[in-house]
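All remarks here apply to the structure that follows.
The values are calculated or read from the model by the stated rules, or taken from the named source; none is laboratory data. Owing to the predicted nature of the structure, the values given are computational and were not obtained by experimental measurement. A quick note on method: Cβ atoms are made from the backbone with ideal geometry, for glycine too, and the neighbour counts reach across all protein chains shown. Ligands, DNA and RNA are excluded from the accessible area calculation, which covers all protein heavy atoms including side chains. Shrake-Rupley method; radii C 1.70, N 1.55, O 1.52, S 1.80 Å.
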Amino acid sequence: MTKFKRAIAMIITAVIVAMGLTACGQSTSKSTANQNNKSNVTAKFSVKPSMDAWKHSSEKKAYPDMKLSNKNWLDVSIKNQRVYVKNKEGKVLYTILCSTGNDDGTPRGTFHIQAERGSHFYNASSKEGANYWTSFKDHGIYLFHSVPVNKDGKYLMKDAHELGKVANSHGCVRLSIPDAKWINSSVPTGTKVVIH
């Protein structure tokens, strides 16, 4: 990335953070009251959620190399509440537990990791924030990020324990702390993201 592009990305990130992020696709007018339409995941998977899954990497192996030249990509399954890191042939290299948007709040389609990313945000309107955020749509609105935190930066246990089981975000893709940190630090801008 050139110095100019990096500077523009930093300015955009600063503006987004200063605006308090309407992250996770939640505008100030969007209601989050509809918690009854959460979709429970009941299928059996090789990577299974546990009460403390939010603290650990989803798998006990090294994360894949995400250089753009490798053409690895992220396949987000709303049905399975999983992010599959796949190679160009579609083989699963790594499986990540996630929690997508309740009430069908996560957009479906093909996107790409965007330049906007940061270590922390807090959204006063939803009274939630998160760590290690990485934008994939609308430049800071739809993100990959950690399980949510409160205004004091403490992780919200109710939401953290639902990782990999229930769709309960406002539209973003919630991940464990290490998985969110890995995407934030190791998945390059331009990486393909498919959500279905």
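Over the stretch 152-196, the hull volume per residue, using the convex hull of the C-alpha atoms, is 112 Å³. Multiplying the residue separation of residue 110 and residue 186 by 0.36 nm and subtracting their alpha-carbon distance yields 25.4 nm. Length gained on full extension, residue 60 to residue 139: 25.3 nm, using 0.36 nm per residue less the C-alpha separation.
Amide H contacts for residue 156 (H built 1.01 Å from N in the peptide plane; partners 5 or more residues away or on another chain; cut-off under 5 Å): 149, 150. Compactness ratio for the stretch 80-156: Cα radius of gyration over 2.2 N^0.38 Å (N = residue count) comes to 1.19. For the stretch 111-196, the normalised intensity computed at q = 0.24 Å⁻¹ comes to -1.24 (log10 of I(q)/I(0), Debye sum over alpha carbons, equal scatterers, no solvent). Close amide H pairs (under 5 Å, H built 1.01 Å from N) link residue 164 with 98, 99, residues at least 5 positions away or on another chain.
Roughly to the nearest percent, how much of the accessible area of the stretch 118-196 is carbon and sulfur, given a 1.4 Å probe? Exposed carbon and sulfur together represent 54 percent of the surface.
For the stretch 48-108, the Kirkwood radius over C-alpha pairs fed into Stokes-Einstein at 25 °C and 0.890 mPa s yields D = 192 µm² per second.
Remark on residue 143: its backbone amide H falls under 5 Å from those of 24, 136, 172, 173, a criterion applied only to residues 5 or more positions apart or on other chains, H modelled at 1.01 Å from N. Each peptide in 76-87, 126-137 was scored by the mean count of other Cβ atoms within 10 Å over its residues; highest first, the order is 126-137, 76-87.
In order along the stretch 174-181, phi translates into HN-Hα couplings of 7, 9, 5, 4, x, 5, 5, 5 Hz, rounded to whole numbers, per the Karplus curve 6.51 cos²θ - 1.76 cosθ + 1.60 with θ = phi - 60° and x for Gly and Pro.
Evaluating 6.51 cos²θ - 1.76 cosθ + 1.60 at θ = phi - 60° for every residue in the stretch 50-62, the Karplus couplings come out as 9, 4, 10, 4, 5, 8, 10, 4, 5, 10, 8, 8, 5 Hz, glycine and proline recorded as x.
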